[in-house]
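Student: Sharing a structure with you now.
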Amino acid sequence: MSRPVAIVGAGMTRFVRRALETGKELSFEAARAALDSCGLTLGEVDAVCLGTAPDAFDGVHRKGEYLADGCGAYGKPFIRSYVGGGTGVFTAIQGWYTVASGLADVVLVVAEEKMSSCRPHPQGAFLTIFDNVLERPLGPNLLWIFALEMHRYMAVHGIDKRDIAAVAVKNKRNAADHPAAQLGRADITVEDVLASEVLAWPVQRLDVSPVSDGAVAIVMASEEAARRLTDRPVWVQGVGWNLDTAYWTGRDLVFPEYVADAARMAYRMAGVSEPRREIHLAEPYDPFDYKELHHLEGLLLFDRGKAPEAAREGVLARDGDLPSCPSGGLLGVGNPIAAAGLMKVAELFWQLRGEAGARQVPGTPERGVAQAWGDLMQVGTVVVLGTQPPGAGARAPGPPGSSPAGALADAALRTPPLVTPGHGLSEEELRTDPSAVDDELGAAYAWDAGVAVGGFLRGLEDGVLLGRACPACDRVLVPPRLFCERCFRPTTRWVPLADTGVVQTFSVCHVSWDMRRLERPEIPAVVAIDGSDGGLLHRLGEVRPEDVRIGMEVEAVWRPASERTGSILDIAYFRPRGRR
């Protein structure tokens with residue numbers, strides 16, 4: 001696995017709210033642009049790696065195979081990757097692996113997303129990521145978990161919402177210079193963000209990246225092929241990926257350990273021992289503005305809780321000491337899930353070659369890091385790129401105004417034709433276009449609760465909270481499972497627990513999964529159960545939203561015994577303690 005790997009070409013479509021093109025057509029446009037950028041034909045490509053997120057977006061099972069023709073995979077070795085929002089960067093890692101292992105010399109890496117096909121709102125595709133038995137009956141949506149995480153991050157570190165809003169402003173302004181951008185805005189202010197609609201407190205409308213359609217492609221090559229194809233290859237110096245537990249309510253959401261573990265892996269491979277000094281620009285994943293800051297800390301570029309201060313002081317600006325999301329990120333360019341991560345890799349490629357046009361950061365950056373994240377706040381994917389081959393090291397960036405080594409003098413002022421135009425559709429056009437097909441897929445499921453959760457549900461029916469004990473690490477697990485994911489040993493006994501706990505984090509949600517305004521806001525919370533090493537997602541009741549606090553002691557309110565059915569809903573809600 002010692003073969004050096006470089007990126008030699010890249011291309012992308014415009015990101016739009018609704019594209020006229022199909023997913024296959026978007027893939028073709030991006031792939032064709034990437035091949036053209038380095039003068040390659042498809043016949044010179046040895047293998048194809050595709051990244052695309054949930055099949056539910058398209059309503060096509062195993063859509064990787066369905067999309068294969070559009071991304072150039074006909075008659076070639078082909079693999080599809082999917083790890084939620086981490087897919088785009090992981091697809092680049094898959095391409096690196098295919099070349100580094102010697103399986104191929106030239107690999108076409110494509111990531112696409114056609115989110116707009118999922119109606120009435122693409123968030124519907126994500127409703128199935130929650131635990132079928134313990135969480136879905138509560139009616140959660142993605143905004144719940146982002147708001148819960150954002151609130152925990154802000155509360156623990158005492159972060160001012162203005163510092164988070166500054167990230168949305170920075171990225172949307174940066175995106176105004178990106179030819180593929182969906183939401184670039186040069187005139188946006190922090191006040192605009194703070195005045196926008198509250199969706200699920202503390203998340204507001206302008207804190208959130210848009211729904212998008214689009215595709216991105218890069219060409220990866222072995223050292224011999226790369227030097228034949230270009231005099232300015234951009235080298236993959238390190239890769240890392242990591243998966244945290246799906247039992248997310250048992251984790252402290254204040255820090256993305258899964259990103260830190262992936263970053264350590266990538267930095268170790270790249271020979272980076274001081275990330276803050278040796279990384280010259282960053283493209284962290286920013287589906288929400290707080291996530292950019294959260295992920296910069298996970299990338300070990302700032303101490304915990306310190307990234308907001310950097311945003312406030314201009315450190316993250318395009319001309320700052322550590323430019324972050326000079327592309328405009330997901331908040332500005334757009335967020336077609338899988339394509340969004342690969343867009344960040346492509347942006348580093350263009351920046352390190354001095355080809356980012358009006359987006360070009362000053363100086364001579366020689367190393368950058370791209371990162372993406374996905375699923376239930378558990379996937380970390382990281383790629384370190386540089387102008388030098390792996391092991392050659394990187395110098396500190398040069399002064400503003402100097403040109404990258406080997407670049408043309410005016411490289412920062414020119415933008416290669418790497419962005420295909422694309423065709424956006426309005427809502428009215430989508431409804432009236434005779435080529436649009438509207439259909440509703442029906443599927444029924446019967447989920448088994450399993451041994452551990454089945455026992456937990458029987459306990460709920462009896463009005464008792466139960467955990468499972470791990471004899472190896474002495475943890476009491478809630479939700480219960482037959483195994484400990486840390487020790488990978490079986491749990492051995494049931495432990496009755498008090499039906500009390502502490503609010504770890506909470507949100508006040510004002511919208512449903514399809515963005516309809518609720519008549520009464522919901523208060524979802526993560527409750528750490530007393531005596532256990534875990535927590536439950538549930539609702540709070542008998543309390544005004546303005547009176548809820550992190551650290552509040554709460555107790556379960558049970559439904560009458562005659563109404564219990566062995567469901568998480570046997571607990572009606574949690575309320576402040578002392579009201580029994």
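Student: With the requirement that a residue be surrounded by fewer than 18 Cβ atoms within 10 Å (Cβ to Cβ), among the acidic types (Asp, Glu) and farther than 27 Å from ASP252 by Cβ, what does region 523-580 give you?
Tutor: Selection gives GLU563 alone.
Student: Specify which of the listed residues (VAL502, VAL453) is part of a strand (DSSP E or B), closer than 21 Å to LEU537 by Cβ and of a type outside the set (Asp, Glu).
Tutor: VAL502
Student: Mind checking which residues of region 140-165 are surrounded by 24 or more Cβ atoms within 10 Å (Cβ to Cβ) and of a type in the set (Gly, Ala, Ser)?
Tutor: The answer is ALA147, ALA165.
Student: If you check SER37 against the conditions, is it in contact with a helix residue (DSSP H, G or I) (Cβ under 8 Å, 6 or more places away or on another chain) and either closer than 22 Å to PRO233 by Cα or at pLDDT 90 or above (or both)?
Tutor: no
Student: Considering region 1-20 alone, what residues qualify as being surrounded by fewer than 24 Cβ atoms within 10 Å (Cβ to Cβ) and either over 22 Å from the mean Cα position of the chain (by Cα) or of a type in the set (Phe, Trp, Tyr) (or both)?
Tutor: Within region 1-20, MET1, SER2, ARG3, PRO4, LEU20 meet the criteria.
Student: Scan region 282-306 and report the pairs whose first residue is closer than 12 Å to ALA372 by Cβ and whose second residue is assigned to a helix (DSSP H, G or I) and of a type in the set (S, T, N, Q), with Cβ atoms within less than 7 Å and a gap of 6+ or a chain change.
Tutor: Taking only residues 6 or more apart or on different chains, the pairs are ASP286/ASN171.
Student: Taking region 490-536 on its own, how many of its residues are of a type in the set (A, V, I, L, M, F, W, C) and farther than 18 Å from ALA155 by Cα?
Tutor: The qualifying residues number 10.
Student: Restricting attention to region 522-580, and to residues there that are in a strand (DSSP E or B) and β-branched (Val, Ile, Thr), which single residue is nearest to VAL133 (Cα to Cα)?
Tutor: It comes out as ILE571.
Table: residues versus (1) under 18 Å from LEU199 (Cβ atoms); (2) not acidic (Asp, Glu).
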| position | (1), (2) |
| --- | --- |
| ASP514 | yes, no |
| PRO521 | yes, yes |
| ARG544 | no, yes |
| VAL548 | yes, yes |
| GLY566 | no, yes |
| ILE571 | no, yes |
| ARG577 | no, yes |
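Student: Just to be sure before I move on: is GLY442 assigned to a loop (DSSP other than H, G, I, E, B) and at pLDDT 95 or above in the structure I sent?
Tutor: No.
Student: Among the residues of region 470-500, how many are surrounded by fewer than 20 Cβ atoms within 10 Å (Cβ to Cβ) and touching a Phe, Trp or Tyr at 6+ places or on another chain (Cβ under 8 Å)?
Tutor: 4
Student: For LEU330, state whether it is touching an Asp or Glu at 6+ places or on another chain (Cβ under 6 Å) and among the aliphatic types (A, V, I, L, M).
Tutor: yes
Student: Restricting attention to region 179-197, does a residue exist that is within 21 Å of VAL379 (Cβ to Cβ), surrounded by fewer than 23 Cβ atoms within 10 Å (Cβ to Cβ) and hydrophobic (A, V, I, L, M, F, W, C)?
Tutor: The answer is no, given that none of the residues of region 179-197 is within 21 Å of VAL379 (Cβ to Cβ), surrounded by fewer than 23 Cβ atoms within 10 Å (Cβ to Cβ) and hydrophobic (A, V, I, L, M, F, W, C).
Student: Please work out which residue is nearest to ALA226 (Cα to Cα), limiting yourself to region 60-117 and to residues that are crowded, with 19+ Cβ neighbours inside 10 Å and among the charged types (D, E, K, R).
Tutor: Applying the filter and picking the extreme gives ASP105.
Student: Give GLY368, GLY386, GLY374, GLY357 a once-over and let me know the one that is surrounded by fewer than 24 Cβ atoms within 10 Å (Cβ to Cβ) and touching a residue at least 24 places away in the same chain (Cβ under 8 Å).
Tutor: Unique residue meeting the criteria: GLY357.
Student: Follow-up. In the list VAL345, VAL333, which residue meets the criterion of being within 19 Å of ARG173 (Cα to Cα), among the β-branched types (Val, Ile, Thr) and touching a residue at least 24 places away in the same chain (Cβ under 8 Å)?
Tutor: VAL333
Student: Something else now. Would you confirm whether or not region 37-44 contains a residue that is touching a Ser or Thr at 6+ places or on another chain (Cβ under 8 Å), surrounded by 20 or more Cβ atoms within 10 Å (Cβ to Cβ) and at negative phi?
Tutor: There is at least one residue in region 37-44 that is touching a Ser or Thr at 6+ places or on another chain (Cβ under 8 Å), surrounded by 20 or more Cβ atoms within 10 Å (Cβ to Cβ) and at negative phi.
The values are calculated or read from the model by the stated rules, or taken from the named source; none is laboratory data. Everything numeric here is computed off the predicted structure, so don't read it as measured data. In this analysis, Cβ positions are derived from the backbone assuming ideal geometry, glycine residues included, and neighbour counts consider all displayed protein chains.
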